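Visitor: Structure below; questions to follow.
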Amino acid sequence: MALQKSISLAIVSLALLLVVGSEAGGIAIYWGQNGNEAKGIKVILSLGGAGSRYTLASSQNARDLSTYLWKNFLGGKSSSRTLGNAVLDGTDFDIEGGTSQHWDEFARYLSKYSTQGKKVYLTAAPQCPFPDAYVGGCIDNRCFRLCLDSVFQ
């Protein structure tokens, strides 16, 4: 008897899921609509994060990464764009481990794409103490117009 109740409950649950539907498809549709542009909302891709060790091995590596991000997430063209035709507005440097080498070059390479008709925003979340051990070179070389740890509206 308990088995029949469990099966009945599973069938009813499945039927309800089919009737109610899912909102998961809305995410894919949302990214393809680019609705944030019309509202003036900037969407930034965050690079890094706590507990990770990010490094750029060379100037060429910094250039290659900037080209990849431009083509696949920012204003460039690629057949493998993760978010379809949605165009993000920039990148946030949240580098909390690894080395400080070549991040300033990477930021300069990315900022050069701003001259191609679309502003590329570069932001940073430097750590305390200041200057930041990883993106301090970017800050010292004025790769960012403004450096904030938090933005409040």
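The values are calculated or read from the model by the stated rules, or taken from the named source; none is laboratory data. Small disclaimer: the values here were computed from a predicted structure and weren't measured. Cβ coordinates were reconstructed from backbone atoms using ideal geometry, including for glycine residues, and neighbour counts include every protein chain displayed.
Visitor: Go through (1) within 29 Å of G40 (Cβ to Cβ); (2) surrounded by 13 or more Cβ atoms within 10 Å (Cβ to Cβ); (3) of a type in the set (D, E, K, R); (4) at pLDDT below 80 for E96 and report which single condition fails.
Guide: With (1) within 29 Å of G40 (Cβ to Cβ); (2) surrounded by 13 or more Cβ atoms within 10 Å (Cβ to Cβ); (3) of a type in the set (D, E, K, R); (4) at pLDDT below 80 applied to E96, the lone miss is (1).
Visitor: Test L148 against the stated conditions and say whether it is over 21 Å from T55 (Cβ atoms), modelled with pLDDT of 65 or more and of a type in the set (A, V, I, L, M).
Guide: no
Visitor: Every residue in region 51-91 that is over 14 Å from R108 (Cα atoms), of a type in the set (A, V, I, L, M, F, W, C) and within 15 Å of the chain's Cα centre (by Cα), please.
Guide: Matches in region 51-91: F73, L74, L83, A86, V87, L88.
Visitor: Could you tell me which numbered condition D64 fails, if it satisfies all but one of (1) at pLDDT 85 or above; (2) assigned to a loop (DSSP other than H, G, I, E, B)?
Guide: With (1) at pLDDT 85 or above; (2) assigned to a loop (DSSP other than H, G, I, E, B) applied to D64, the lone miss is (2).
Visitor: Within region 82-93, can one find any residue that is β-branched (V, I, T) and under 18 Å from Q60 (Cα atoms)?
Guide: no
Visitor: Which residue out of G51, G75 is assigned to a loop (DSSP other than H, G, I, E, B) and either touching a Ser or Thr at 6+ places or on another chain (Cβ under 7 Å) or modelled with pLDDT of 85 or more (or both)?
Guide: G75
Visitor: Let me ask another. I'd like to verify a number: residues in region 79-93 that are more than 21 Å from A38 (Cα to Cα) and surrounded by 20 or more Cβ atoms within 10 Å (Cβ to Cβ), how many?
Guide: Total meeting the criteria: 1.
Visitor: Show the residue pairs that are 6+ apart or on different chains and have beta-carbon atoms under 8 Å apart, the first residue being within region 88-102 and more than 25 Å from K77 (Cβ to Cβ), the second being of a type in the set (S, T, N, Q) and not in a loop (DSSP other than H, G, I, E, B).
Guide: D94/S46; H102/S59; H102/N61
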